[in-house]
Structures are given as structure tokens and as C-alpha cells.
Amino acid sequence: MEKLRIFVVSPSDMTAERAKVETAASSLEPLAEYLGIVLRVDDWSEVVPNMGRPEQVILDQIEPDSWDILIGILWHRFGTPPKARDPQTQKAYQSGTEEEFKTAYRLWQQYGRPRIVMYRCTRNVPLDALDPDQFKRVKDFFAQFEASKGEHPGIYQSFETVEAFEKLLYDNLQKLLIDYGEKLKGEPVEPEVIQSFAPKIPDNLPRRAPFFGRDKEMDVVMRALSPDDRTWGVLVDGIGGIGKSALAVEAAYRCKEKVLFDAFIFVSAKENILDPKGIRDLKPAARTLDEFLNETARVLGEAGITKLAGDAKRRALLDALRGIRSLLIYDNLETLAKEEQEALADFLRELPSECKAITTSRRRGGEGAVWLRLEKLEWEAARSIIESEMGRDPQLAKKLQRAGEVRWQQLYDETKGSPLALVHTLGLMRVRASLTFDGALDLLRGNRNPDLQRFIFQEARRELTVNDDSALRALSFFAPSATFEACMNVSELSRNALETTIDRLSALSLVDISAGEERYALHPLTRNFVREELLSDVQIARDTGMSFANYWLAYAQQYGGDSQESYKTYDRLEAEWSNLEEAAEWLWQTTAIQGEEIGDEVAAQMSNDLAGALSQFLSFSTRWDERIKLSTQAYETMRKLNLSNAGWRAYDVAWIYYYRGDDKESTHWADRSAEAWAMGGSKLEQSVGKQMHGLLATEREDYDAAEKLYQDALAICRELKMEKDIGSVLNSLGELELKRRCDDKAESYFREALDIHQRRNDTDMIPTVLSSLGLLELQRERWMKAREWYEQALPLSRELGRQEVVAFDLYGLALVYEQEGQTGLSLSMAREALAIYERLQHANLAAAQNLVERLIKKAGSEK
């Protein structure tokens, strides 16, 4: 192989063009090798440092007589004087460039080599960079190329842009190379051969893999990469294993199919991958910003750029990208330091308009692009992954087929929508013959897969601060999300501290922020990680849980309760029901009843207080099953600690079973309530117990017993001057007289109760009594009068939100309208009442069903 050495001379203003020399040489290497030539570009930056005059050090190490081609490039600077004289003229050299050029020129005159190829840049010079003296020297130098009077007559070529220079240089070097090659081979090189060695389109995309789902996300990415979009591209972030890299690579291939770009450059900082054998280390293409830029330059075929530094490298790379429709995919940027990520974002913002980029990271960063956070994979896509993996391995297919297709979604549910977790689990089933479908589920449910956890959260482990830990611990208790105020209280962080840590955690893809709301949530896999690692200390876990429960108990007491105005804030409880339910469950588990022993009495008392604060809300909002559950749990703890509280919780349960028409259960719980109050209750509580048993006696049609119980309860209320309770008992007595068909007596009770409640403005009781008066008039068959009472009651019941009373009024009005011949209106109200009774599993459900069926038939016959 013959060596062909190229030496480049230029001042500092031609850095980008200088880098193009090596790029062009690299592009011509295949052709050179075919011709039996090794191309070498020599540059002063390769010189080993030494003492002496700098220019002499360069010429001593890169000897001029070894040069085959000298390439000179000048614009507006001529360079710095090297403190040496021309040995022939004794004139001082004005720059190192001049010394190198004249040395080469003298060698060419004497030996016919090196070949001298000079280029002059003619683009406009920025005023702030123009040095008139330097510019004059450049003009004087090129004036000497004139044949008539020049000191060094010859031909040079001009260019304006870096792209134009690159093309000019490539064409010239190719001709020179072919000329040398033909002399070596002794025969011409065919055009077809030259064409076959032409540079290929830069493309180092990873192999395309099967891709499933993510249709909405892919639409976002493709819009961001379209020429019409004014951003530099798209930032994809999310926790590890959620499919960021797969989405980016698939998007690149779709861009290739649409011919949106001419070059595709993939650079990854991924340091390891997860496979069934564990975490395997990789040698990443880049670990730093400089390496990302170098690798980009290499893929572009711009090897010379890698030798530049700092801003010169960045500018040269941007120039290299100009004119080439390029898509850059920068993968796993979380490995870069924050400052480098910001610098990379600056670089991407300066991309030529015809170029775009996709970046993926577990950390959010950068501006000027579309931001996309990947969430859990949808089930249909996960199903396609399962089927694809089954197609790859018959043994895996057998395991999944034995489990049954209907159970596959269990696997998806336990992986929390992470494609990595799903594929990894399927991989474990494939390589471990003994790992069954149920065994894989147990592995996921028990979090007994440390490799999976370590891989997904390896970056988080390195970066979490004490405040981050506190916020994550707190958020792990919320289901599904927390307001800022709630998180601040539970984490016990100041507002400023939490704002800072939320920003960090969001940037690390550990916390999701709801769009349009100040609510924060953890990905389910993050929740598992926090509970496994940050809550492994029993005391820390209890303290955080207690802080969580205390917050929601205070919240329930503030916006719940059983005052007549409480219903106005029940919407707040409805909005946070998931968290309230989570707090109730944590308290129950922490109470830890073992036989007659209570593990945590503080949690037990809080469990009761929470059930009491939510009791009326749960009744009004149709959450009857939840009221039964919470009150039953609280009763179990309070019967050992506080009999008065135990009585109230049993009473709460009895009341729901009464409304559902379950005489056995309602009697059972009413008896428990009475027993507790008999041993530790007040007179008022004994009165409430008697009224409850009066209701049950009425249902059994034991009217005399019911009347005695009511009268005893009424006497206690009058003694205690509890007017609201007096009104409640009077209404019950009215209902009793309705059952006895003593309408006038019933009306007297109802009107007395109504007077009391209206005088007191008991807004929570008035609709009930109005409804009772409507029922009375129905029984009397005074349809118009009944309608008047119900029409008064219904809007008040709706405002109150007490659903069983709303349904009662609707049902009553439906009966009235049926009698008045308004079948359509009657059917509409009957259906609405039926829907409520179905949700409540109310005792009136069968009657409402019969009414709807009757009205449907009547409506059909009327047509």
C-alpha cells in the first residue's frame, strides 16, 4: 500500500472547513484502499508538545518533504507571526500559514511535490470579527497567484459555505486520488468503480424490532418530526423499561418509510440491559456530551470534527448537518450530567431546520421540543407482545396455553403496564423450565425480582436526596394521586422544599403531574420500589402511614360529619374518596386485631373517628357497602376500647341493613348497638337505640311495641330538650300511624315534626318529612296534594344529595303522574328511582322494578 499524506494549513477562522478535510478523506478511504493507497491527514494538533519555536516544532515532527498534498484554506485572517524569516528573502513571515505554504512551494519548485491546493472563502465577514490588517494580508497573499506579477502564480478556488467547500474538496481529492491510483496501477479507473465507492447515506439505526400499540404516542412523535412542525423534535421520558427507546427506533423507521430524512444517526448512552440471566453491562457509544457529538460526527462521516474542541466542534457539526435532512436519536440521556443535558438541549435548538431529533431519558430536560411522557402500555398491545413471545418459543407457548388465555391479563396487571417487566417475566418463564405461570405471578406480586427493580430505578438510587425520599414515601400512600397541600402535610416538608423536590422527581420520571391540575402521582412500579426500599424500615413506614392517616382524618372531620350543613362539602370527600378509603384500610391493617388483643390502639381510635366522620357522607352518596365495611371494622376495635363508640358504629351498620330490608342483619346490629349503649351509653344514645328498634318493630308489624319504643325515645328527647331529635321521632311515629292506616293521626305527627324542623331550619330533615306527607296523601289518593308535597321535597333532596330520599320522591311522583295519565313523565321518574335503588340495593328495589315494567307496558299500549 502506498501512503498519500495530506497536510492542512489554515488560520483559526477556518476550523469547520479544516475538519472537513478529514471527513472527505474518510469518505474516500474505500476507493483509496481499492487503488492500493492509504490516505493520511496530518494536522498540527497531532504534534507532541516540545520546547522551541512552535512553528519549528510542527515542521520538525511533520516533515515537509513527507507531504504529498498541501491544502490551504483562508478567509479573513492570515494568522499569527511565527517569529521566523524566509531564508531566501530574509523577510519575516507574517503567519505560520505563510511559512508552511512557502516551505511547500519551494519543495514543489524543486521536486514537483507536494501538490498545492488552495481555497479562499468569500462569504461576508462579521463586522465584530473583521481585523483590517489581517484581511489585507489575505488579499495580498491571493494577489500573488496572478500569473503576470505574482510571487507564486497558480490557481486557487473560492467557496462561500462550508457545504460548498466540502463538495469542492471531495471532488478535488477524488480526482487527485484517482490520478495517483492510475499511475500506480498503470491503467485507468472505470467510472462504475468510482461510483461504487461513493459515500453511503449515514444510517446506524439498531435493527427494527416488533412494535405493538402506542398509537396515540406515535402520532405525537410523528407530528413533531414532520417538516411542518417548528420544534427541533421530541423529548420522550418515563421510568426505565416503559418503552422509550423502542418508540424512538420505531419512529425512525417510519420516518424512513416516508422518506422524511436522508440520514439516521443513533447514539446511545445505555450502560446495561436486562435479560433473563440478569443485568448485563454494555459499552455505550457515548457517556458524555462530547462523546455524543463525536459519535454523531463519525456516523455522518465527519471524522475530522472529532478532533475539534468546545464551541468549534459544535459549530462544525451543525455546519456538517446543514443541507442533510438528518434525524438524530439520542438515547438514555439520563447518564449525562445536568449541565451537559442543558448544553445538549442548546445544541439541538440550533439544529438546521431540515433536521430533527428524538431524545429519550428517564429524566425530563430541554426546551424547544414536544415533550412526551410514556405511561403504562395498554392491554391490547401487551397481549400482542405475549403472542409474539409465544411464537418465538414453543415451551413458553405451552406454559401460557396451560394457564389459559383468560388469565394472561393477570400477568399484564402485575407488570403495571411496563413492556420491559412483561418481556423480562416472559423471558424468565422461557429460560427457567420450573417457572410456571403462577410462579411468575408470585414473582411479580412479591417483588422478588431484584434485577428488574435495580434496572428500572438504578438512576434514581444515585440521585435521591433526603427530601426526595420523604416526598416519595408520602406519595406512595396516595391512591392514585395527591394534591400539593396533601403531599406537603404528609411528607412534612416546607412548601419551598416540596416544590424543589417535586420538580426533581418529575424530571426523573418518578412523579407524574396531572395535566391542568396540581396533583401528583407515582407510577405503580415506582410505588413498589418505594415500598420495597424506602419504607423497608418498620418505624419509618409507620410514621409515614400515621402522617397520611392523620391528614385524611382531619380532612374527613373538616368536610364530613353529620351537621345539617355538612352535605355542602361532601363533594370534597367524593373527589378524594380513593385516598380516604386508602387511609381507612391502612388504619385497619395497622390496628392489627389478634383475637381479643389490639395491636395499635392509636390506629384503632383513629379508625373509629374516620368511620364516624364519613358515616353520613357514605349514607348520602350511595356508598352503603363502604359504610358497612368501615363501621364494622371500627365496631370490632371499639367494643374493646369504647362502648359508646362501639354503639354508634353498630347503629351505622344497622341503619343500612334496615334500608335494604334485611331484618335479620339490621336486628343483629341494632341489638349490638343497644348492648353497647346499655353498658356505656348516654340517655341520648339510649333514645337513638330505642328509635332504631321501633323502626324494626314497625317492619315486623308489631305496632304496639313500636309505639312504646318511640314514646320512650320521645320522652328522653323532650327531657334532654333535643328538638331536632324530637322531630325525628315524631316523623317515625307518623310513619307508624300510616302503617296502622290512622291517616289523621299520622298527619298530626308529620306536621308537628315539620314545624319543628322548619323553625330550626333543619335542611337535612325537612325533605324527609315533606316526603312523608307526600306518602300520606298518596295513601289517601289525593293525587294533586301528594304531587305538591313531592315537588317541594324533590329539589331539596337533590340539593342535600341524600340519594335514598331522592329515589323515594321520584318513586312517589311517578305514582302520582301515572294516576294523572302522564305515562311518559311517570316512566322517566320511575327509571331514575330504579337506578338509585339498584345502586343502593334498597328494600324498595322490587317495587320500583314492578312500576317500571307496568309503565313500559302502559306506554306501549297507549301507542
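The values are calculated or read from the model by the stated rules, or taken from the named source; none is laboratory data. Here the structure is a predicted model, which is why all the values come from computation and not from measurement. No Cβ is skipped: glycine too gets one built from the backbone with ideal geometry, and neighbour counts run over all protein chains shown. Areas reflect the complete protein model, heavy atoms only, side chains present, ligands, DNA and RNA absent. Shrake-Rupley method; radii C 1.70, N 1.55, O 1.52, S 1.80 Å.
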| remark: Apart from one, (1) touching a Leu at 6+ places or on another chain (Cβ under 8 Å); (2) under 18 Å from ASP725 (Cα atoms); (3) surrounded by 19 or more Cβ atoms within 10 Å (Cβ to Cβ); (4) free of Cβ contacts under 8 Å to residues at least 40 places away in the same chain all hold for TRP655; the odd one out is (1)
| said: Given (1) in contact (Cβ under 8 Å) with a residue 60 or more places away in the chain; (2) surrounded by 15 or more Cβ atoms within 10 Å (Cβ to Cβ); (3) over 16 Å from ALA32 (Cα atoms); (4) of a type outside the set (Lys, Arg), identify the lone condition not met by TYR170. | reply: (3)
| message | Tell me the residue from LEU176, LEU205 that is modelled with pLDDT of 90 or more, among the aliphatic types (A, V, I, L, M) and either on the phi < 0 side of the Ramachandran plot or open to solvent by 20 Å² or more (accessible area, probe 1.4 Å) (or both), please. | response | LEU176
| How many residues are open to solvent by less than 40 Å² (accessible area, probe 1.4 Å) and touching a strand residue (DSSP E or B) at 6+ places or on another chain (Cβ under 9 Å) if we restrict to segment 371-411? | 3
| Residues of segment 132-158 classified as touching a residue at least 24 places away in the same chain (Cβ under 8 Å) and either over 22 Å from GLU100 (Cα atoms) or part of a helix (DSSP H, G or I) (or both), total | 6
| In the set GLY301, GLY310, which member is on the phi > 0 side of the Ramachandran plot and open to solvent by 30 Å² or more (accessible area, probe 1.4 Å)? | GLY310
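Here's the yes/no breakdown for (1) modelled with pLDDT under 95; (2) part of a helix (DSSP H, G or I); (3) exposed (fewer than 15 other Cβ atoms within 10 Å of the Cβ):
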{"site": "ALA460", "(1), (2), (3)": "yes, yes, no"}
{"site": "ILE502", "(1), (2), (3)": "yes, yes, no"}
{"site": "TYR520", "(1), (2), (3)": "yes, no, no"}
{"site": "SER536", "(1), (2), (3)": "yes, no, yes"}
{"site": "GLN564", "(1), (2), (3)": "yes, no, no"}
| query | Does segment 369-385 contain at least one residue that is touching an Asp or Glu at 6+ places or on another chain (Cβ under 8 Å) and charged (D, E, K, R)? | reply | yes
| remark: Within segment 210-259, of all residues that are of a type in the set (D, E, K, R) and under 15 Å from the mean Cα position of the chain (by Cα), the one nearest to GLN341 (Cα to Cα) is ASP237
| message | What's the total number of residues in segment 208-237 that are out of contact with any helix residue (DSSP H, G or I) (no Cβ under 8 Å at 6 or more places or on another chain) and either closer than 19 Å to ASN332 by Cβ or open to solvent by 80 Å² or more (accessible area, probe 1.4 Å) (or both)? | response | 8
| List the pairs whose first member sits in segment 539-559 and is in contact (Cβ under 8 Å) with a residue 60 or more places away in the chain and more than 12 Å from ALA603 (Cβ to Cβ), whose second member is open to solvent by 30 Å² or more (accessible area, probe 1.4 Å) and assigned to a helix (DSSP H, G or I), and whose Cβ atoms are under 6 Å apart, counting only residues at least 6 apart or on separate chains? | THR544/ARG473; TYR551/ASN489
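Table: residues versus (1) closer than 16 Å to ILE358 by Cα; (2) touching a residue at least 40 places away in the same chain (Cβ under 8 Å); (3) of a type in the set (A, V, I, L, M).
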position: GLN195; (1), (2), (3): no, no, no
position: PRO210; (1), (2), (3): no, yes, no
position: ASP215; (1), (2), (3): no, no, no
position: MET222; (1), (2), (3): yes, no, yes
position: SER226; (1), (2), (3): yes, no, no
position: THR231; (1), (2), (3): yes, yes, no
position: VAL234; (1), (2), (3): yes, yes, yes
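One line per residue, one yes/no per condition, for (1) small (Gly, Ala, Ser); (2) without any contact (Cβ under 8 Å) to a residue 60 or more places away in the chain; (3) within 30 Å of GLY860 (Cβ to Cβ):
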position: CYS742; (1), (2), (3): no, yes, no
position: VAL769; (1), (2), (3): no, yes, no
position: LEU776; (1), (2), (3): no, yes, no
position: ARG780; (1), (2), (3): no, yes, no
position: ARG787; (1), (2), (3): no, yes, yes
position: GLU791; (1), (2), (3): no, yes, yes
position: GLY801; (1), (2), (3): yes, no, no
position: GLN819; (1), (2), (3): no, yes, yes
position: ARG839; (1), (2), (3): no, no, yes
| task | For ALA713, indicate whether it is over 21 Å from MET692 (Cα atoms), in a helix (DSSP H, G or I), open to solvent by less than 50 Å² (accessible area, probe 1.4 Å) and touching a helix residue (DSSP H, G or I) at 6+ places or on another chain (Cβ under 6 Å). | result | no
| request: Give segment 1-31 a look and list any residue that's under 15 Å from GLU166 (Cα atoms), charged (D, E, K, R) and touching a Lys or Arg at 6+ places or on another chain (Cβ under 8 Å), or say none. | output: GLU22
| field | Residues that are open to solvent by 50 Å² or more (accessible area, probe 1.4 Å) and assigned to a loop (DSSP other than H, G, I, E, B), drawn from segment 718-768 | value | LYS721, MET722, ARG740, ARG741, CYS742, ASN761
| Just one of the numbered conditions (1) modelled with pLDDT of 90 or more; (2) in contact with a Pro (Cβ under 9 Å, 6 or more places away or on another chain); (3) of a type outside the set (Lys, Arg) is not true of VAL8; which one? | (2)
| said: If I ask for residues that are hydrophobic (A, V, I, L, M, F, W, C) and either open to solvent by less than 10 Å² (accessible area, probe 1.4 Å) or not in a helix (DSSP H, G or I) (or both), which ones from segment 542-562 would you list? | reply: PHE548, ALA549, TRP552, ALA556
| message | If TYR119 satisfies all but one of (1) in contact (Cβ under 8 Å) with a residue 40 or more places away in the chain; (2) part of a loop (DSSP other than H, G, I, E, B); (3) among the aromatic types (Phe, Trp, Tyr); (4) touching a strand residue (DSSP E or B) at 6+ places or on another chain (Cβ under 6 Å), what's the number of the condition it fails? | response | (2)
